[in-house]
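Derivation of every value follows stated rules applied to the coordinates shown; laboratory data play no part. Since the model is a prediction, treat every value here as computed from it, not as a measurement. All Cβ positions, glycine included, derive from the backbone under ideal geometry; neighbour counts span all protein chains shown.
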Amino acid sequence: MLNLVRRIGFIRLVCLLAGLAMCFVLLWGAFQPRAKQEIDPAARYQKPLKSLKLPSDGLTGHFDKKQLRRGFTVFQAVCASCHGANQLRFQDLAEIGYSKAEIDGIRQEWINRIPDVDPNTGEALMRQPNRNDRITGPYYNPLGSQGIVTAPDLSLITKARKGGAAYVYSLLTGYESEPKEIAERYPQLKTPEGNFYNPYFKGLHIAMPVALLSENQVNYEDGTKASTDQMAKDVTAFLAWSAEPELENRHRIGIGVIAFLLVATGLSVVCCYRIWRKL
Amino acid sequence: MKLSPPPYQPKNAFTRWLDDRLPVIRLWHDVMGKGYLVPRNLNWLWNFGVLAGIALTIQIITGLALAMHYVASSNEAFNSIEAIMRYVGFGWLIRYGHMVGASLFFAALYIHMFRGVYYGSYKAPREVVWLIGVLLFMLAMATAFLGYSLVWGQMSYWAAQVITGLFSVVPFVGEKIRIWVLGGFAPNAATVNRFFVLHFTLPFVILAVVGLHVWALHRQGSGNPTGIEVKKAEEVVPMQPYYIAKDLVAIGVFLLIFCSLVFFYPNIFTDPDNYIPANPFSTPAHIKPEWYFWPFYAVLRSFTVNFMGIPAKLWGVLGMGLSVLVWGLLPWLDNSPVRSGRYRPVFRCFFLLFMADILLLGFCGKQPAEEPWIRLGQWASLYYFAFFLVILPILPLVEKTKAVPSSVEEAEKKRTDA
Ligand code: HEM
């Protein structure tokens with residue numbers, strides 16, 4: 001025994017004992033009985049996302065400006081009564097093809113007024129948004145939500161949810177009537193008053209009512225038929241743009257950068273090979 | 001025995017003049033030029049130190065650019081980052097570069113460290129190189145955590161909440177320390193400000209410590225995959241041009257990976273929740289750190305029972321602390337006279353198992369705090385500690401190692417023959 005201690009050495013022996021102690025604590029924990037875990041019955045009714053193809057998908061995809069405009073039309077007419085897109089400024093709409101005059105029209109009619117001060121009298125007032133004001137929703141609070149649950153801002157939504165654009169599309173088109181089975185087997189899962197059943201939403205019940213109700217709910221200026229599916233696709237495309245307006249640019253530059261790096265790395269491989277070959 | 005490299009000889013009047021006054025060219029020659037002799041049998045794993053350095057450089061450059069536009073305030077932080085991406089010229093490139101760069105920095109570090117474990121790089125006479133390395137690792141972890149908090153998204157906020165909450169396990173004064181660190185009862189405006197100051201400062205500390213790391217390394221010279229010290233002039237080549245050329249290839253491949261991610265998959269490593277602005281009133285269903293912390297997070301969560309009067313949470317913090325510190329003990333835990341894993345077949349098995357174990361731990365750390373992941377994490381943590389603290393100290397007593405060749409040259413000849 002003493003011999004073993006001598007062979008291991010003092011430091012290693014201390015570490016060894018500490019290690020055994022750690023292992024013992026972990027073992028002790030591993031063999032503790034576990035509280036029975038309840039499997040969330042809602043998970044059984046949750047549906048996998050629908051697939052959605054957007055023109056901006058893939059490495060060489062492009063935003064379809066016409067579609068983005070249609071998407072904004074839906075956003076303005078339907079979503080904006082509850083949601084904002086506050087990472088966008090009104091002037092950013094120029095990027096998807098709105099003229100200055102159109103942008104002025106949009107901002108003057110916008111649902112929100114901006115608190116400001118009258119430059120002549122110093123009185124507080126609410127003014128129309130300027131071109132460089134954020135596209136806010138009715139519940140916008142620059143200090144954050146302060147604990148009140150409100151409709152979330154949508155400008156980053158495709159980056160802020162697992163599944164991205166496909167999630168938004170699935171959610172918009174995913175309202176169903178609650179399966180009968182739920183009332184029979186899981187009364188606790190019954191959709192609460194004022195909520196709606198949507199199997200794409202986590203927990204199955206969403207406070208947002210069906211937004212895209214009927215055909216021709218909005219008027220598309222380009223003559224596209226405004227089916228609910230079309231509106232859902234268009235507004236999703238718009239939100240994908242609002243979350244990553246740089247996407248097209250990023251991909252285009254990226255392809256150039258990768259091409260350059262391939263050549264440069266190739267040269268460095270040749271260079272390296274020729275240097276080492278001489279040894 | 002140290003091989004003597006050719007000394008620096010200034011070639012013209014100007015370099016002679018400069019060398020007498022400020023020998024910077026000599027420094028370059030000694031560190032990166034013909035004056036640093038490197039074993040000629042290094043494999044590609046020896047390039048990751050330089051790659052870590054490249055990643056650090058990318059972080060500092062993109063970080064400086066970000067800092068010029070970032071607003072360190074709890075109300076503005078999140079929006080200012082979005083504004084950088086949208087309204088600053090190439091802002092998205094700067095921001096995504098910094099985000100992806102952090103992940104690749106850790107990827108390079110982990111490979112660098114595992115190289116060290118497998119080839120016994122931590123053994124005499126390079127213990128100090130190793131110790132400084134472990135210090136760098138800890139500094140990098142602190143910096144990454146602070147930087148992640150600065151985004152002030154949901155995950156940032158709640159990660160800051162969870163990690164600073166670990167201070168509260170200290171008996172008696174824990175809660176006081178936590179409040180002092182945060183500058184309040186929960187992450188708040190003061191927290192963003194101080195985290196920004198620290199996050200700005202630490203990379204320069206890291207840079208200085210990297211200097212010490214390389215200095216200590218150059219005192220003894222690089223090791224090599226055989227674990228045998230070089231003895232003859234035929235076994236080494238000068239850094240310039242041989243390893244400079246090889247490093248350039250490695251940097252090229254590294255940049256290819258980096259740019260593919262930045263330009264095409266910039267959000268691949270992040271949690272979608274962090275695109276939701278911080279909300280102190282709503283706890284995310286599942287708080288988890290960035291991938292490079294998952295194994296340590298799993299260790300933290302593996303201690304689930306109060307034991308010997310010590311509460312589970314304190315065990316968790318101790319365990320997690322120890323899981324980082326054991327890396328620093330390595331040179332003293334393993335006293336096998338054989339350095340490289342190439343000649344230690346039994347060690348090699350345990351090492352491979354250890355790599356698999358780290359992956360498993362990382363996987364468990366990623367999962368929600370539910371069964372079976374917690375229990376799986378407990379077994380994985382157990383092997384983690386057993387590997388360092390039990391297996392490595394005992395192994396030299398029982399392991400039969402392969403015969404170690406007498407020189408690097410002979411070892412490499414045997415390898416090519418086989
Ligand atoms: C900021 C982070 C780091 C940087 C920039 C860095 C840089 C370097 C460089 C350039 C080398 C020489 C080339 C090579 O062997 O790859 C090196 C060697 C080494 N590093 Fe690091 N390192 C860092 C972190 C670490 C860490 C975290 C560890 C271990 C825990 C470590 C341990 C070592 C060891 C043992 C060597 C000598 C290897 C040998 O010569 O056989 N380093 N480092």
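Taking other C-beta atoms within 10 Å as the exposure proxy, A:Thr224, A:Thr173 rank A:Thr224, A:Thr173 from fewest upward. Taking the stretch B:308-347 and a reference point 7 angstrom along Cα→Cβ of B:Leu212, the backbone N atoms nearer than 15 Å belong to B:328.
Take peptide A:13-24, look around each residue's Cβ out to 10 angstrom, count Cβ atoms belonging to other protein chains, and average those counts.
6
Net charge of the neighbourhood of B:Ile25, taken over other residues with C-beta under 13 Å away and scored Lys/Arg +1, Asp/Glu -1, is +2. Modelled label positions at A:Phe24 and B:Leu18, each set 7 Å beyond Cα in the direction of Cβ, lie 6.4 nm from each other.
At full extension, B:Ala142 and B:Phe204 could sit 21.0 nm farther apart than now, given 0.36 nm per residue minus the alpha carbon distance. Neighbour counting of Cβ atoms within 10 Å sorts the residues A:Leu212, B:Leu352, fewest neighbours leading, into B:Leu352, A:Leu212. Within 10 Å of the Cβ of each residue in A:162-168, the mean number of Cβ atoms contributed by other protein chains is 1.
Rounded, prolate or oblate for the stretch A:37-155? Axes are the square roots of the Cα gyration tensor eigenvalues, ordered a ≥ b ≥ c, and the cut-off for rounded is a/c under 1.5. Verdict is oblate for the stretch A:37-155. Here the stretch B:167-239 and the stretch B:68-109 have alpha carbon centers that stand 22 Å from each other. Legend: ranking of residues B:Trp17, B:Trp315, A:Trp28 from fewest to most surrounding C-beta atoms inside 10 Å; resulting order B:Trp17, A:Trp28, B:Trp315.
Taking the Cβ-Cβ separation of A:Asp222 and A:Asn120 as r and a Förster radius of 56 Å, what is the calculated FRET efficiency to the nearest 0.05?
Step by step, r from the Cβ atoms, then E = 0.80.
Straight-distance candidates among the lysines for linking to B:Lys11, with alpha-carbon spacing under 19 Å and chain neighbours fewer than 8 residues away dropped: B:Lys34.
May I ask you to list the residues of the stretch B:202-232 whose amide nitrogen lies under 16 Å from a point 7 Å from Cα along the Cα→beta-carbon direction of B:Met32? Under cut-off, by backbone N: B:207-208, B:210-215, B:218. Angle of helix A:10-30 to the longest C-alpha principal axis of chain A, folded into 0 to 90 degrees and rounded to 10: 50°. Spin-label model, B:Asn193/B:Val398: points 7 Å from Cα along the beta carbon direction are separated by 5.8 nm. Counting Cβ atoms of other protein chains within 10 Å of each Cβ in B:240-249 and taking the mean gives 5.
On the beta carbon distance between A:Lys36 and B:Phe185, with R0 = 30 Å, the FRET formula returns roughly 0.30. Counting only aspartates and glutamates at least 8 places from B:Lys176 when in the same chain, there are none with an alpha carbon closer than 18 Å to its own. Within the stretch B:258-288, list the residues whose amide N lies under 15 Å from a label point set 7 Å along Cα→Cβ of A:Val149. Only B:281-285 fall inside the zone, counting backbone N under 15 Å.
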